[in-house]
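Notes for the one structure printed next.
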Ligand SMILES: Nc1ncnc2c1ncn2[C@@H]1O[C@H](COP(=O)(O)OP(=O)(O)OP(=O)(O)O)[C@@H](O)[C@H]1O
């Protein structure tokens, strides 16, 4: 596959392309000229502090929000003109709770299979496969309200996987989880990706997770991408600018370098107290 030298974008085959995407809530320019390509088969991390515009961008890509300016496409399908084609290609795990506490794990996944129009013939097998993929088979007949936070997140992953998406979109999949549950969620994401070759687009505040699990990352701040590359490229790029005798910077150092002083104002920091509380209360 031929790619150009900058980012390698090829709208015909890339999993996601955003070109000049803008979205405003009144006076707030949540997404302000976003350019992005996510390659087929990669795990791509969209990183940034509270209010950077990550969720708004994700919602435009999923077609939950319209695209008022710019262009978004998913595997070459235009998110404005071909909404249904785009929806059929993706699975989405939002930040908000998408599992029903009053249903069992299996019932939750079966509900998504019906909503996503998995054929009746395929349904039972797909539900079992999705539960198996996230290691919830043994707990499948328990009510979701008895699940731990990590199990709820894995159940939501199964819900998104049941339609066998080519693109899995996860909005803060590990927020509010303890380190062991976070690792566990990522291990399941990686195993499914290795087995299916699907593309994963994930937003996160956790720079360490992005560094460890993402093939490429985009650092987003105030509605735009400020830096893009593999975690290694970004870190070594900053070290070259700082002088090779300095220790290898972290991704957070890279972010502070590209975002400058603007990081510490009302746009927030990487620790998302609001989201952590939101997640803690919904599973508690
Ligand atoms: N429904 C809404 N109405 C008004 N403003 C909104 C709405 N949703 C988001 N915003 C604003 O748009 C900007 C971008 O928000 P967005 O949720 O996309 O950022 P984010 O990077 O996902 O942050 P977080 O990590 O906190 O979810 C913020 O200034 C936010 O306050």
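Since every read-out is calculated from the coordinates, none of them should be taken as a lab result. Since the model is a prediction, treat every value here as computed from it, not as a measurement. Here the Cβ positions follow ideal geometry from the backbone for every residue, glycine too, while neighbour counts run over all protein chains shown.
For the chain, the share of DSSP beta bridges that are antiparallel, to the nearest 5, is 55%. Roughly how many Å is it from the Cα centre of the stretch 145-185 to that of the stretch 51-70, as a whole number? Between the Cα centres of the stretch 145-185 and the stretch 51-70 lies a distance of 21 Å. The protection proxy used here, the mean number of other Cβ atoms lying within 10 Å of each residue, ranks peptides 32-40, 150-158, 238-246 as follows, highest first: 150-158, 32-40, 238-246. Rounded to the nearest 500, the 222 nm mean residue ellipticity of the chain from helices alone is -11500 deg cm²/dmol, with -39,500 (n - 2.57) taken per DSSP H run of at least 4 residues. Convex hull volume of the Cα atoms of the chain, normalised per residue: 137 Å³.
Across the stretch 139-167, the residues whose backbone nitrogen lies under 16 Å from the label position 7 Å along the beta-carbon direction of residue 82 are 166-167. A simple spin-label model places pseudo-atoms 7 Å from Cα toward Cβ; at residue 194 and residue 137 they are separated by 1.8 nm.
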